[in-house]
1. Of the residues Phe94, Phe118, only one is in contact with a Phe, Trp or Tyr (Cβ under 7 Å, 6 or more places away or on another chain) and within 21 Å of Val209 (Cβ to Cβ); which?
2. Among what's in the range 371-400 and is touching a helix residue (DSSP H, G or I) at 6+ places or on another chain (Cβ under 9 Å) and of a type in the set (Val, Ile, Thr), pick the residue that is surrounded by the most Cβ atoms within 10 Å (Cβ to Cβ).
3. Output the residues belonging to the range 259-273 that are crowded, with 20+ Cβ neighbours inside 10 Å and either part of a helix (DSSP H, G or I) or at pLDDT below 90 (or both).
4. Checking the conditions here, which among Ser213, Ser190, Ser233 is over 17 Å from the mean Cα position of the chain (by Cα) and either of a type in the set (S, T, N, Q) or part of a helix (DSSP H, G or I) (or both)?
5. Pick from the range 45-89 the residues that are in a loop (DSSP other than H, G, I, E, B) and touching a strand residue (DSSP E or B) at 6+ places or on another chain (Cβ under 7 Å): which of them is nearest to Pro291 (Cα to Cα)?
6. Take the residues in the range 274-287 that are without any contact (Cβ under 8 Å) to a residue 60 or more places away in the chain and farther than 11 Å from Leu210 by Cα, then tell me which one is surrounded by the fewest Cβ atoms within 10 Å (Cβ to Cβ).
Amino acid sequence: MMLRRLALALLLAAVPLGAASSATFALVVGVDAYPYEVSLDGAVKDAKDVEASLRRASVDQIAAFFDAAARKDDIRAAWSGFVARAAKGDTIIFTYAGHGAQMPELVAGDEADGLDEFLQLPGFDRSRAAETDHEIIVDNELNAWFSEAEAKGVQVLFVSDSCHSGGMSRSFSGKTRLAHAVTVKLPPPSEEAVSGAAVKETQFRTVTVLAASLESQPSPEVIISGEPRGALSWSFARAVEGAADRNGDGRLSRVELEDYVFATVKTQSEALQVPNFTPQLPRSDDEVVMPLTRSATVAIAPEAEKMHKSVRESGWNGKLALSVEGSDAVPDNVGGTGVPYRWDAASGIVYTPNGDVAGEHIDGRSIQPVVDKFILLDFLKIMASQNPGTVSLTPQKDIYAAGDKIAFNAPASGYRNMVVFNLANTGQIQLLDVQSEGTASAGFKLSNLQVVEPFGADHLIVISTNEPIDAIGAALASKSVDAATVLKLLVTRLDGTDTSVAIQPLYTREHL
């Protein structure tokens, strides 16, 4: 979606970006193939996506390790080389996509829960843990590595798309990046595994850690653009490409990165994840975590540019990958590629590619609106990835049961106009609010929402823009409006404009 990033690109092309005296290094690790563990499907795609986005952003000092090449000694050597070459004010980015796990703490009393976390590399075999523990990277060791950089005044950004604990209440059918815990007490695999225990994350002054989820949550592989991916890695790659750089100065502040990642991970993971930053709050309002000297030509993410090209050249021709079971009724706009949605006509249930229940009691007469809904949702997600808005539900849950009371909040965005509507699990569209010509300054709140049937996947949508919104609001207010009509309106009236989109997934069922 061509949003204000394109206009910024034209301006930025004429000015030098980033700090001329600083350098950026990147260490990228991605592992799918685990000989002694359940392999993953999207971690290497994640790592290669991040690597490509960094290269497009003119970061040329990159060390990348995929699958069997991800050996601890080589990763450690690359880190040491970067620290040796880096000077005060430089930045080292370390990204990891793969399995995480836990083990009994290596230093007694070091961890409140008695467990150390570690990154699991391909060479580790928990059935021979003592013999292969040189192929794990323990959290204490990372603390020691980061301390080396901090001692030189080097900025560190560590992005970990893995998980260490937690469980899901939703009917998710994909893989999580959680390996089985090690239950035996192991000796420390290195001196750093002991010395690093004395270093607490709260003591760091130049280190920022971005984890895929809270420790109580899993980090799932979710379907993005038809492929299993990590929502954090996908979002981080888009951020590096410029989507998070709201003021267009060629640098990513902690606030910009946090705002973008929180909104985009929620959208792409269907609210299964909440990212976790350490420290929890920015050290200052203008703290820069990625002073990248990037090319302005990468200001638009490839996925967004591909969709925008489709809109320009042939009108929106989106299709939905849908597997139909037990019915001869095949909706229009079916035939997209990638992991499909699934409609079981006998039970009337539609499942998302992640395995969630998208809708119940869907028969041959009502499947078309559901298909149209998810095609529209795909379009909205691309818009949101370029300029995400902020919305929230309280209390925050993976899934809500019948009778639950919920509060929905869309704070003021700075745009003059706003429209709020619900994409129901049946495919119906329910207009909630239209604010135009400056009235959007108050935002939108809806208290005491109560969960009722039909159950499945609803999506609350907030579109904020300075473009005229009355025609869109009028269409949404019509009882006969459908998702296909809304899609045409958005393509015609908002494509290529400075428009923010916020998406709040809302999954419900009768009983938890």
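1. On the way: Phe118 fails: in contact with a Phe, Trp or Tyr (Cβ under 7 Å, 6 or more places away or on another chain).
So the residue among Phe94, Phe118 that is in contact with a Phe, Trp or Tyr (Cβ under 7 Å, 6 or more places away or on another chain) and within 21 Å of Val209 (Cβ to Cβ) is Phe94.
2. Taking the candidates together, the pick is Val371.
3. Within the range 259-273, Tyr260, Val261, Ala263, Thr264, Val265, Lys266, Thr267, Gln268 qualify.
4. The match here is Ser190.
5. Keep residues of the range 45-89 that are in a loop (DSSP other than H, G, I, E, B), which gives 57-60, 70-71, 86-89.
Right, trim to touching a strand residue (DSSP E or B) at 6+ places or on another chain (Cβ under 7 Å) and you get 59, 70, 86.
Numbers: Val59: 11, Ala70: 27, Ala86: 14 Å.
This residue is Val59.
6. Taking the range 274-287 first, the residues without any contact (Cβ under 8 Å) to a residue 60 or more places away in the chain are 280-282, 284-287.
This time we only want the ones that are farther than 11 Å from Leu210 by Cα, so: 281-282, 284-287.
Details: Leu281: 10, Pro282: 16, Ser284: 10, Asp285: 8, Asp286: 10, Glu287: 15.
Per the criteria, the residue is Asp285.
Table: residues versus (1) closer than 21 Å to Leu119 by Cβ; (2) in contact with a Pro (Cβ under 7 Å, 6 or more places away or on another chain); (3) touching a residue at least 24 places away in the same chain (Cβ under 8 Å).
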residue	(1), (2), (3)
Glu192	yes, no, yes
Gly196	yes, no, yes
Val207	yes, no, yes
Gln217	yes, no, yes
Ser225	no, no, yes
Ser233	yes, no, yes
Arg254	no, yes, yes
Val261	yes, yes, yes
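Table: residues versus (1) under 14 Å from Leu376 (Cα atoms); (2) at pLDDT below 95; (3) open to solvent by 60 Å² or more (accessible area, probe 1.4 Å); (4) assigned to a strand (DSSP E or B).
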{"position": "Leu476", "(1), (2), (3), (4)": "yes, no, no, no"}
{"position": "Ser480", "(1), (2), (3), (4)": "no, yes, yes, no"}
{"position": "Ala484", "(1), (2), (3), (4)": "yes, yes, no, no"}
{"position": "Leu487", "(1), (2), (3), (4)": "yes, yes, no, no"}
{"position": "Thr492", "(1), (2), (3), (4)": "yes, yes, yes, no"}
{"position": "Ala502", "(1), (2), (3), (4)": "yes, no, no, yes"}
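The values are calculated or read from the model by the stated rules, or taken from the named source; none is laboratory data. These numbers come from a predicted model, not from an experiment. As a convention, Cβ positions derive from the backbone with ideal geometry for all residues, glycine included, and neighbour counts pool all protein chains shown. Side chains are part of the model used for accessible areas, which takes the heavy atoms of the whole protein and leaves out ligands, DNA and RNA. Shrake-Rupley method; radii C 1.70, N 1.55, O 1.52, S 1.80 Å.
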